[in-house]
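Every number here is computed from the coordinates shown, using simple stated rules; none is lab data. No experiment lies behind these values; they were computed from the predicted model shown. Cβ placement follows ideal geometry from the backbone for every residue including glycine, while neighbour counts extend to all protein chains displayed.
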Amino acid sequence: MKLMWFHLMPYTELPEDFNKKHPSVWVDIHSSLFDPRRAHHMYNDFMDELEYAAEVGFDAICVNEHHSNGYGLMPSPNLIASSLARRTTDTALCVMGNSLALYNPPTRVAEEFAMIDCISGGRLIAGFPVGSPMDTCYAYGQNPSLLRERYLEAHDLVKKAWTEKDTFAFSGRFNQQRYVNIWPRPIQNEPHPPIWIPGGGSVETWRWCAEMDYVYCYLSYYGYKAGLATMNGFWNEMEKLGKDRNPYRAGFLQFVGVAESRQQALDLYTEPAEYFYGRCLHVDARFALPPGYTTEATQRAGIEGMMTKAANLANPATKAALKATNMKDIVDGGYVIVGSPDEVVEQIRHVATSLNVGHLMLLLQYGNMSKDTTKYNTRLFAEKVMPRVKDLFGDWEDKWWPKPMARGQRAAVPSYRASVAAE
Amino acid sequence: MSELKTTTVEVNGFPCRVWTKGSGPTLGFLAGLGGLPRWLPFLDELARTRTVIVPSLPGYPGGATGHSVLDTHLDWVLAVRQLLDKAGLAGADLIGASVGGAFAAEMAAIFPGQVRRLALLAPFGLFDEREPATDPWAQRRDAVAGLMCADPAKWEALVAPPDGANSVEWPIEMVRAAEAAARAFWPLGNTKLEKRLALIAAPTLLLWGDKDRVLPASYAAKFAAGIKGARIETVPGAGHLAYLDRPEAVAGAVLAHFQPG
C-alpha cells in the first residue's frame, strides 16, 4: 500500500480562549490573530516537516488548498509544491488539490500543474476538489448554485488543455477561450498526470470517478470508524458499476500519533489533537450550508457534508451530541489513532483492510504540534510502522500513481549555498 | 371574489405555477425570499378588488427546477419576461418584493410597455459597501425567521410543512427556493440594477418595512433617487417580507398607488 504524508498547515498559535471570543476559524477569522512574523517560522517548519517526511521514505507528500482559514495556511498549495519539487527527489507530490471553479480561466490550473510536473520530473498527483463551502462560496464568492457545473466544465477544459495537441477554441457555458494552448505541457502525458478527486459521500461523485477512472479520496477529519459507511457506499457503488475492488481506486485520510507506548502517545498528542478538534474545527454554522452547494440527490439521500458536521460541533444545539473535542472521545471515536508501534500497526492494517483503501493519507502533524514532535511521530511511523504495513494489497497494481522520468534522466538539484550570494 | 385557480405555464421547458384569484383589473405579484409555499392573507386582501395573478419564479415553490438552466442575469430577465407574458400579465400593474422586486424593476426598466404601474417592496438589486445588506445565505437556521420578518412566527408559518406534505421533498423545496435566489443574486444581491433605474417610466411606489433587517432603509432612497417620480412609504412594524408581517397595510398602500384602476 501507499503511505502518504499530508500537511494542512494549521496556524499553531490560536489563543486558548479562541472558541469563546471568536465565532469561526474560517471565513471571518480576525486578522489580529495572524502574526506574519510567526507565520514565517510556521511555513518554514511545515516545509521542513514535509521534506523530512520525504527523506524518511513516505511514498508521497501532500498539500491542499484553503482560503481565509486558521487551520489551513495554503491558499496556493502550488507554491509549496513547487518548492518541494526542488527539495525532494523521488517522492510523489500530491496536490490535493486545486478547486477548479476558483481559477479564471481554469487553464491556469493546467499550466501550474504542468509546471510542477515538469520541475519535479513527473511526480505530480493532480487533485481536483470542488472545494468546501467556506473556501469557494464564502471566501471566494462563488455561486453555490453554479459551483458544480463550473467545476465540471473547468475539469473538461483542463483535461483537454493537457491532452489536445493543437491549439483549440473552448466555447463552454462559463468559459470562452479562443486560443487554448498551454505551455508547458506535463511530463506525464499518457494521457495526463493521475487525477484524484477528494469528495464527500455523494453517489454522483462516486459514479463520476468510476466513469473517468479517477481515484476517489474521502478526506474526513473523523477517522476510520466514521468513514466506514462512506467507503462501504463507495465500494458497493463500484460493484454495481462492474468495477473491481482494486484498493488503489481509493484514498483515505487518517490522523495518527505513535510513540514508544500508548501512554507516551497520549502524553504527546493530546494537546495538538484537542487543539485541532477544538479550535481548528470551530467553524460558524452559518458558513456550512450555502443553498445549492449540496445537490438535491445528496439531500434526498440524507448525506451531510463533513464541514456541516464540523460546523455543528460549533453549534451549541448539537454540541452535546457531537462533543468529541477531548482526547478520550477523539481516540474512542477513531478520529486519531494513537499507540505504540505495535498498536498502530494493528490499527493501520485494520483501517486499510476494512475500508479497502490503498492510498492512506496520514496526518502526523495536526493542531499546534511542534516540529520536534512532528518529526518524532513521522520518524517512528516510518521506521516502526511503515515496514510492517507496506505489504498490504501487494497483489493489486496501482494504476493511478505518478510515472516520473527515470532517475538517471532527471536533473540534479544542487543544494543552496548562501555564501555564493554573499560573495 | 372568485375562487383560487391554479394553472401551469412553461418557461424554458419547465413548469411554473400560476395562481389566479379575484375580480377586477389585473395585477401581478412576484414574491420575495422563500417564494410562496402556500397562499397568503396578503393576496386575499388584493383579490377583494383586483384579479390577482401570482406566477412562481423558476426554482421557487411551484416553479420546479427551472432555475437550473439560468446561468446569467440576462437568462433570468428573459425567463421572467416570458413568465409574465404567459401568465397574462403583459401591461398589468406589478408588485415585486425582495428578490421578486429586483425582477419587477428590471421588467419596468427593460420592457417599459410590460409594466403599467410598479410597486416595489424592499427590492434586491443594489449594494452599498458603506452600508452592506445582510447576507441572507450565511445564517444559522434559527436566525432566519427573525431576519425575514419582524414577527418570526410569520415566516415559520410560511415554511411549515402542511398536513400530508412529503417529509423529504418539502424541506428540499424550501432549500431550492433559497438556492434559486442565490443563483440569481449571490453573493451581494447586486445585479447593477442602479444603471437601469432611470429607464423606469411606470409610476413607482417604494415600500419598506421599518424593521427590515436584510436591506437597510437607506436603500429605499437610492432606488427613489434613480427612478423618476418614485415615492417612498414606510410600513411600520414590518420586516423584510412586509407582506407577511403587515398584509393589510401593504395591500392598502399598493392598492392606493394603483388607483384609479
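Just a few scattered comments:
- Whole-number percent relative contact order across segment A:2-422, with pairs defined as alpha carbons under 8 Å at least 6 apart: 21 percent
- Taking the number of Cβ atoms within 10 Å of each Cβ as an exposure proxy, the fewest-first ranking of A:76, A:120, A:415, B:68 is A:415, A:76, B:68, A:120.
- Beta bridges per DSSP with both ends in segment A:2-422, % antiparallel, nearest 5: 10 percent
- Number of partner chain Cβ atoms within 10 Å, mean per residue of A:289-301: 5
- Mean Kyte hydropathy of -1.0 or more with a Cα span along the axis of at least 20 Å, helices from DSSP in chain B: B:73-87, B:169-185
- Prolate/oblate/rounded call for chain B, Cα gyration tensor, a/c under 1.5 rounded: rounded
- Cα-based shape type of segment B:183-261, given that a ≥ b ≥ c are square roots of the gyration tensor eigenvalues and the cut on a/c is 1.5: oblate
- Spatial offset of segment B:161-180 relative to segment A:128-182 amounts to 31 Å, using the alpha carbon center of each.
- Over segment B:82-169: Kirkwood hydrodynamic radius from C-alpha pairwise inverse distances, Å: 15.6 Å
- Set of lysines near residue B:192 by C-alpha distance (under 21 Å), chain-local residues within fewer than 8 positions excluded: B:222, B:228
- Close amide H pairs (under 5 Å, H built 1.01 Å from N) link residue A:124 with A:93, residues at least 5 positions away or on another chain.
- Judged by a Cβ-Cβ distance under 4.7 Å, the unpaired cysteines of chain A are A:118, A:137, A:209, A:217, A:280.
- Take each residue in A:127-140, count the other chain C-beta atoms within 10 Å of its C-beta, and the mean is 1.
- Shielding by partners for peptide B:133-146, expressed as the average number of C-beta atoms from other protein chains within 10 Å of each residue's C-beta, is 4.
- Segment B:217-232 and segment A:17-78 have Cα centres lying 47 Å from one another.
- Mean ellipticity per residue at 222 nm, deg cm²/dmol - from DSSP H runs of n ≥ 4 across chain A, formula -39500 (n - 2.57): -11500 deg cm²/dmol
- Gyration tensor verdict on segment A:1-134 (Cα atoms; rounded if a/c is under 1.5, prolate if a/b is larger than b/c, oblate otherwise): oblate
- Mean projection of the Cα convex hull over all viewing directions, computed for segment A:2-54: 4.9 nm².
- The ranking of B:86, A:240, A:390 from fewest to most other beta carbons within 10 Å of each one's beta carbon is A:240, A:390, B:86.
- Cross-link reach is defined here as a Cα-Cα straight distance under 21 Å, omitting same-chain residues fewer than 8 places apart; for residue B:5 the lysines meeting it are B:21, B:86.
- Ranking of B:234, A:205 by count of other Cβ atoms within 10 Å, fewest first: B:234, A:205
- Sorted into 10 angstrom bins from 0, the C-alpha pair distances of segment A:2-422 split as 4, 22, 33, 28, 11, 2, 0 percent.
- Stokes-Einstein diffusion for segment B:123-213, with the hydrodynamic radius set to the Kirkwood value over Cα pairs and evaluated at 37 °C in a medium of 0.692 mPa s, equals 211 µm²/s.
- Pairs beyond 32 Å (Cα-Cα), from A:243/A:328; A:225/A:384; A:243/A:390; A:2/A:225: A:243/A:328
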